[in-house]
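One structure below.
Coordinate-derived values only; no laboratory data. Every value quoted in this text rests on a predicted model; they were computed, and no experiment measured them. Reconstructed Cβ throughout: ideal geometry from the backbone, glycine too, with neighbour counts over all protein chains shown.
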Amino acid sequence: MLVFTSAVGCSTDQPALKDVFAKDFLIGGALNDDVVNGKDPKAAAIAEKHFSTITAENVMKWMHIHPEPNKYDFAATDRFVDFGQKNNMFIVGHTLVWHWQTPKWVFVDDANNPLTREALLARMKDHIFTVVSHYKGRVNGWDVVNEALDDNGQLRKTKWMEIIGEDFIAKAFKFAHEADPSAELYYNDFSLENPAKRDGCVRLVKDLQSKGVHIDGVGLQGQAWRLEPDAPSRENLEDFINAVSALGVKVMVTEMCIDVLPKAIYQPGADLKQRAELREELNPYLDGLPDRMQKKLADRYAELFSLYRKHADKISRVTLWGVYDKTSWLNNWPVRGRTNYPLLFDRNYQPKPAFYAVVKTAQSGK
Ligand code: XIL
């Protein structure tokens, strides 16, 4: 195929993903600061052309936006929100309450003693009110609580749980809703397609609903998905989509990226604490992804997007975790320093076979 490349690196013959899926769902990606601060203009051009929605990859996490007790830093987050508004994108704030990328001081007092429940709730309220109010009417949806469930579907034992108790989730949603009643509010997690975790998620949403807590949707991260057909299985995915949709809330795929490298850890999921050492055999495609692997990746993407389209009445958004392969976090997780190929655009900002396979799914029936 003849491909013309424009000065900004977008081929002129590429259909825009946001047009291709306009009738189905919003489509987009997570942006890091370089995409919006001018350091990576070719990535910005991809986002501008293809994305109808963006999520902050890191800048809105507690450690960046609220690094010290009395210091909020909105410089990078303002750039991110301005970029989204300028391009008429649906803007997702990620994330208000999480156990990772949250400074240690959050959970202790000045004397380094653990906070009381009331003190931690007050701190959480201040954080949510300050951040959500700052973007009132501008950020369209918030990942209010991230990754609160364990693989077995029980609540994860985090500092939030330990100090506040299980109602920390309801409280976070209440604060966020009070701060901006028009923003959509989501629960977001990985491995939710696995039955035990799916059931835990359904229990969690039902519990919030029974208490009158406002929740608009659940984000199925799609992190750490792999090429193997059973990761995740079609059946598990459909069961999850149907179960969550039956609760009357939106289903979103929020952090999709497909790991093509050898498995380095045995636990399922995308827990940041999982780490493995770099070994040569874990990094086999240093010089490029072989055609047979490109084909496998394209087939996997096509399979998943066909399924999303089939359930487009329940799925409101599909967000990829990044813009192009070079800056994907899967180059550094769970093993630092690998060369991974998880996204639709390659290291030279060009669309991969997976991109065209995804586009093709929109041309066929549901
Ligand atoms: C990742 C970012 O992509 C990395 O840059 C950062 O170093 C660690 O966090 N689940 C989430 C995301 O909800 O916030 C994580 O993002 C990936 C796993």
(Q) Let me understand region 242-355 better: what is its radius of gyration from the alpha carbons, and its Dmax, in angstrom? (A) 15.4, 47
Q.
Modelling each spin label as a point 7 Å along the Cα-to-Cβ direction, I'd like the Lys71/Lys42 distance in nm, to one decimal.
A. 3.5
Q: Based on a Kirkwood Rh over C-alpha pairs, give the Stokes-Einstein translational diffusion coefficient of the chain at 25 °C and viscosity 0.890 mPa s in µm²/s.
A: 117
Q.
Of all beta bridges DSSP finds with both residues in region 182-325, what is the antiparallel percent, to the nearest 5?
A. 0
Q. Expressed as a rounded percentage, what relative contact order does the chain have, with Cα pairs under 8 Å and six or more residues apart?
A. 16
Q) When the convex hull of the C-alpha atoms of region 1-132 is computed, what volume per residue in Å³ does it have? A) 130
(Q) Suppose every Lys and Arg Cβ carries +1 and every Asp and Glu Cβ carries -1, with no other charges. What dipole size does region 217-313 come out with about its Cα centre, to the nearest 20 debye? (A) 140
Q: Would you list, by chain and number, the aspartates and glutamates whose Cα falls below 12 Å from the Cα of Lys61, excluding same-chain residues fewer than 8 positions away?
A: Asp73, Asp143
Q) How much length, in nm to one decimal, is gained on full extension between Glu178 and Asp34, taken as 0.36 nm per residue of separation minus their Cα-Cα distance? A) 48.6 nm
Q) For the chain, what is the mean residue ellipticity at 222 nm derived from helices alone (per DSSP H run of n ≥ 4: -39500 (n - 2.57); sum divided by total residues; nearest 500 deg cm²/dmol)? A) -10500 deg cm²/dmol
Q.
In 5 Å bins starting at zero, report the fraction of Cα pairs in region 285-329 per bin as a rounded %.
A. 5, 17, 17, 24, 19, 10, 6, 2, 0
**Q.** Max mean-square fluctuation residue, GNM over the chain, Cα-Cα springs under 10 Å, options Thr319, Thr53, Thr130
**A.** Thr130
